[in-house]
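S.K.: Would you mind keeping the following structure in view while I ask a few things?
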Amino acid sequence: NASLQRVKRLFNARKAGHTGSLDNLASGMLPICLGEATKFANYILNSDKHYQAECTLGITTTTGDAEGEILQTLPIPKLTQEKIDAILEKFTGEIEQVPPMYSALKYKGQPLYKLARQGKSIERKVRNITIYKLSAIDFDAKHLSIQVHCSKGTYIRTLAEDIGTALGCGAYVSKLHRTQ
């Protein structure tokens, strides 16, 4: 929101809108529409997204990212390219995902992240999303870097947590970059 307001002031625009918020720790593309172009923001918002993410393995956090408090520390199994590829294949295609509490989704007019910060948890409906492509860029004993091409509404932090669960060691997003 701060980025949107800054661009709006720089261009002296009466109307401005972004096309999908980014998490605080995220970097990369945030398309912003000004003036009459705001009428087309929904088309961009509903389009596919591409990300590169680094997942820290062996740790789960309250938020699913590096900003949260550590919930659990687990041993990391020996990873091979074959094992990682087999796990990632399970998350490719149409899958179901539960949005995280630390998200901008609203419940009775309040963003879920505000309720989460108050220690509240609201039941969230499962969403159908599509992961068109998911591949490992790199991995070591503590990190897995992935490339994701996904449908709108996909939460990369939830994907990272689910991949960590499937690997048997937990994970959280330590870096996130929207590339397209």
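S.K.: Collect the residues in segment 44-65 that are touching a helix residue (DSSP H, G or I) at 6+ places or on another chain (Cβ under 6 Å) and either more than 19 Å from K133 (Cα to Cα) or at pLDDT below 95 (or both), keeping them in residue-number order.
M.R.: Answer for segment 44-65, where residues must be touching a helix residue (DSSP H, G or I) at 6+ places or on another chain (Cβ under 6 Å) and either more than 19 Å from K133 (Cα to Cα) or at pLDDT below 95 (or both): G64, D65.
S.K.: Which residue out of T60, T56 is open to solvent by less than 20 Å² (accessible area, probe 1.4 Å), closer than 23 Å to A141 by Cβ, among the polar types (S, T, N, Q) and not in a helix (DSSP H, G or I)?
M.R.: Every option except T56 fails the conditions.
S.K.: Pick out the one residue from N42, N46 that is in contact (Cβ under 8 Å) with a residue 60 or more places away in the chain and surrounded by fewer than 13 Cβ atoms within 10 Å (Cβ to Cβ). Lay out the reasoning, then the answer.
M.R.: Values: N42 fails: in contact (Cβ under 8 Å) with a residue 60 or more places away in the chain.
N46 is the lone residue from the list that is in contact (Cβ under 8 Å) with a residue 60 or more places away in the chain and surrounded by fewer than 13 Cβ atoms within 10 Å (Cβ to Cβ).
S.K.: Test G68 against the criterion of being open to solvent by less than 60 Å² (accessible area, probe 1.4 Å), modelled with pLDDT under 95 and in a loop (DSSP other than H, G, I, E, B), and give yes or no.
M.R.: yes
S.K.: For segment 1-18: of the residues being part of a loop (DSSP other than H, G, I, E, B) and exposed (fewer than 15 other Cβ atoms within 10 Å of the Cβ), which is modelled with the highest pLDDT?
M.R.: Once the filter is applied, the top-ranked residue is F11.
S.K.: Sticking with this structure for a sec: How about segment 128-143: which of its residues are open to solvent by less than 80 Å² (accessible area, probe 1.4 Å) and modelled with pLDDT of 95 or more? Give the derivation first.
M.R.: Initial filter on segment 128-143 (open to solvent by less than 80 Å² (accessible area, probe 1.4 Å)): 129-131, 134-136, 139, 141, 143.
Listed by number, the residues that qualify are I129, T130, I131, L134, S135, A136, F139, H143.
S.K.: Still on this structure: Taking segment 82-127 as the search range and keeping residues that are buried (at least 17 other Cβ atoms within 10 Å of the Cβ) and among the polar types (S, T, N, Q), which one is modelled with the highest pLDDT?
M.R.: Q97
S.K.: Kindly establish whether G168 is farther than 23 Å from S47 by Cα and small (G, A, S).
M.R.: So G168 fits the description; yes.
S.K.: Kindly check whether there is at least one residue in segment 19-33 that is open to solvent by 80 Å² or more (accessible area, probe 1.4 Å), modelled with pLDDT under 95 and either part of a strand (DSSP E or B) or not β-branched (V, I, T) (or both).
M.R.: Yes.
S.K.: Scan (1) within 12 Å of the chain's Cα centre (by Cα); (2) open to solvent by 40 Å² or more (accessible area, probe 1.4 Å); (3) at pLDDT 95 or above for the single condition T165 breaks and write down its number.
M.R.: (1)
The values are calculated or read from the model by the stated rules, or taken from the named source; none is laboratory data. What you see is a predicted model; the values in this text were computed from it and never measured. Heads up, the Cβs are rebuilt from the backbone with ideal geometry, glycines too, and the neighbour counts pull from every protein chain shown. To get the accessible areas, we keep the full protein, side chains included, count just its heavy atoms, and leave off ligands, DNA and RNA. Shrake-Rupley method; radii C 1.70, N 1.55, O 1.52, S 1.80 Å.
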